[in-house]
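Okay, structure first, notes after.
Where a number appears in this text, it was derived from the coordinates with a stated rule and is not lab data. Quick caveat, the model's predicted, so the values are computed rather than measured. Note that we place each Cβ from the backbone using ideal geometry, even for glycine, and neighbour counts take in every protein chain shown.
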Amino acid sequence: MQKPPVNWTNTLLFSLTPLLAVTLVPWYGFTEGYDLYEWVVFILLMGFCGISITGGYHRLWSHKTYKAHPILRFIYALGGACALQNDVLHWASDHRRHHAHVDNNDKDPYSAGLGFWFSHIGWILREYESGKEDFSNVKDLQRDPIVVWQHKHYLALVLLMNIGLPAFLGFLNGDIIGCLLLGGLLRLVLSQHVTWLINSLAHMWGRQPYSDASSARDNGLLALITYGEGYHNYHHTFQWDYRNGIKWWHYDPTKWFIRTCSFLGLTSDLKRCSPIVIESARLDMQYRHATQKCHSSSNAEKWLQRIEQEYQQLQATLHLWAQHRQSWYEARTSELHEKWSHWDRRQVRDSYREVKYKLKIQRQRWHELLQSFHTHQGLAPA
Ligand SMILES: [Zn+2]
Ligand SMILES: [Zn+2]
């Protein structure tokens, strides 16, 4: 099959910048040296580009998982230009197509089905049909004056943020070249490859706890260098959630940033998927894996029966828990207080606690059953 024509601007840009970064940056380091100031500029600009892409381009503009004040949107627009990953309109349009047609090699602009290289960078280097400019899926963003402004002045903003800003910061410290190399060149190359890893590696390496409908994976290690975007299986399953790492111990600085900004009035309407939907999806995956494995077990019938029974019970308790939780929430809400007598409220609270405890016990039993199945599947269930 004939390959599409090469995009020479991108090919030159994305091969020359890494080449210059691996030669000029160490050379200047050995001959002139870098000081702490330049490394701090490098780290701050890395974070600025990173959060602008993950918090701005991705979770705000592509998925609308929350609302942001114009000041924050303006900062994101500058950071996105600094990251040199095209303007918001192009990025979000590609990304919405990625979610709508994930793994479809003809329609997903960075389909992981075409391999690591293609999904990482290959898709930018040629004029593929799937990457053709089509803003029909970002009409809502064309109404955002900051997005339109960034689109109009993109090239000027790229030069300002990638050359003007590091040069100015270098001027303040008396070493323009040092700052241009660390805060400009090295930061640009690294921040781009970090984002691209989410399109490539996060669709290949990791677990699929919520869904196997797409190739997207959860990978805690990848989250460490991608500002929390490594929980990509969760993200593809619940893309309207402003979080990617949902547990408090999940490393998701983008989530923390968005939440902190909400206390300052810079973000609002943060969307979260309900815990019951999340847990139900997890449970379904575990159930499907176990029942598929059952068929190769010598006591298939008995295991299937036991797993089915526990699964049905756990799903039922999960729904019951959600109902009681809602009632308890309503009973606690202040304006409803008058309608509830003290004893009514206590009853609602206690029955919620009872179901919560029941759920905890059933979860434990479910995990023990799965564990026992994985270790003793050749034997009959105890
Ligand atoms: Zn996404
Ligand atoms: Zn993806």
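A few comments on the model shown:
- Take 155-163, 211-219 and order them by the average number of nearby Cβ atoms within 10 Å per residue, most first; the result is 211-219, 155-163.
- The magnitude of the dipole of region 8-268, with charges of +1 and -1 set on the Cβ of Lys/Arg and Asp/Glu and taken from the Cα centre, is near 700 debye.
- Taking label positions 7 Å along the Cα-Cβ direction at both LEU172 and LEU304, the computed distance is 6.9 nm, reported to one decimal.
- Relative to the dominant Cα principal axis of the chain, helix 187-199 is inclined by about 30°.
- Candidates TRP117, TRP249, TRP205, ranked by Gaussian network fluctuation over the chain, Cα under 10 Å, top entry: TRP249
- Dimensions of the chain based on its C-alpha atoms, expressed as ranges along the principal axes with the largest first, amount to 69, 60, 45 Å.
- Taking other C-beta atoms within 10 angstrom as a stand-in for reagent exposure, CYS273, CYS49 fall in the order CYS273, CYS49, fewest first.
- Share of pairwise Cα-Cα distances greater than 14 Å in region 18-66 is 67 percent (whole percent).
- Projecting the Cα positions of LEU283, PRO70, LEU222 onto the charge dipole of the chain (unit charges on Cβ atoms of Lys, Arg, Asp and Glu, taken about the Cα centre) puts LEU283 furthest along the positive direction.
- With the charge dipole of the chain set up from +1 on Lys and Arg Cβ and -1 on Asp and Glu Cβ about the Cα centre, the Cα lying farthest toward the positive end among the listed residues THR31, ASN10, GLY265 is that of GLY265.
- Whether region 7-91 is rounded, prolate or oblate, judged on the alpha carbon gyration tensor where a/c under 1.5 counts as rounded: oblate
- In order along region 28-36, the Karplus-derived 3J(HN,Hα) couplings, from 6.51 cos²θ - 1.76 cosθ + 1.60 at θ = phi - 60°, round to 5, x, 6, 7, 10, x, 10, 9, 4 Hz, and Gly and Pro are given as x.
- Ratio of the Cα radius of gyration of region 209-323 to 2.2 N^0.38 Å, where N counts its residues: 1.31
- Relative contact order computed over the chain (Cα-Cα under 8 Å; 6+ residues apart), in percent: 15
- Spatial separation of Cα centroids for region 55-124 and region 265-331, in angstrom: 31
- Region 17-119, relative contact order in percent, only Cα pairs under 8 angstrom and at least six apart counted: 17
- Largest-first principal axis extents of the Cα set of region 275-376 (Å): 60, 20, 17
- Oblate is the label for region 147-196, because a/c, from the alpha-carbon gyration tensor with a ≥ b ≥ c as root eigenvalues, is 1.5 or above and a/b does not exceed b/c.
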